Each structure stands twice: as structure tokens, then as C-alpha cells.
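A quick write-up on the structure given underneath.
We did not get these values from a lab; they are worked out from the coordinates using the rules stated. Because the structure is a prediction, the values reported are computed rather than measured. Here the Cβ positions follow ideal geometry from the backbone for every residue, glycine too, while neighbour counts run over all protein chains shown.
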């Protein structure tokens, strides 16, 4: 994700991504400690689930 967004120089900076996701969650989630809109899938990455009633 980092390389796709900011370029190859950010490939090994995992803390940057974690920090940005944390900041986004604070802005969009009712309770950032229990995210509903920006979820982490261990071993996969981050995803935003479809709203209730919307099929993929």
C-alpha cells in the first residue's frame, strides 16, 4: 500500500501505514477501538466492508 500511494521509498515503513490508518479511524469511526468501517484482516491487509444491504 505504501509503495502504491507514496512511491518505492516508503516500502519498509510499516509504522507510517499503521499511523495513517489509526488517524483515519479516529476521524471516521464512532469508536476507533472497535472499527466498523476500516477493518484489518490479519495476513491480508485493510478493507472497507460493503454497507448493510449492499452485495459485493
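Contact list please: Cβ distance under 6 Å, first residue in the stretch 8-22 and in contact (Cβ under 8 Å) with a residue 12 or more places away in the chain, second residue surrounded by 10 or more Cβ atoms within 10 Å (Cβ to Cβ) and assigned to a helix (DSSP H, G or I), pairs at least six apart or on different chains.
That search, which allows pairs on different chains as well, returns 17/2.
Kindly list the number of the only condition in (1) within 10 Å of the chain's Cα centre (by Cα); (2) at positive phi that fails for residue 22.
Evaluating residue 22 over (1) within 10 Å of the chain's Cα centre (by Cα); (2) at positive phi leaves (2) as the failure.
Taking the stretch 23-56, which residues are touching a strand residue (DSSP E or B) at 6+ places or on another chain (Cβ under 8 Å), outside any loop (DSSP other than H, G, I, E, B) and surrounded by 10 or more Cβ atoms within 10 Å (Cβ to Cβ)?
Applying the first criterion (touching a strand residue (DSSP E or B) at 6+ places or on another chain (Cβ under 8 Å)) to the stretch 23-56 yields 38-41, 46-49.
Retained after the next criterion (residues that are outside any loop (DSSP other than H, G, I, E, B)): 39-41, 46-47.
Scanning the stretch 23-56 gives 39, 40, 46, 47.
Can we say residue 2 is touching a strand residue (DSSP E or B) at 6+ places or on another chain (Cβ under 9 Å) and in contact (Cβ under 8 Å) with a residue 12 or more places away in the chain?
Numbers: touching a strand residue (DSSP E or B) at 6+ places or on another chain (Cβ under 9 Å): no; in contact (Cβ under 8 Å) with a residue 12 or more places away in the chain: yes.
Judged against the criteria, residue 2 is not a match.
Looking at (1) outside any helix (DSSP H, G or I); (2) in contact with a helix residue (DSSP H, G or I) (Cβ under 9 Å, 6 or more places away or on another chain); (3) loosely packed, with under 11 Cβ neighbours inside 10 Å, can you tell me which one residue 9 breaks?
Only one criterion is unmet by residue 9, namely (1).
So residue 15 passes all but one of these: (1) at positive phi; (2) in a helix (DSSP H, G or I). Which condition number does it fail?
Failing condition for residue 15: (1).
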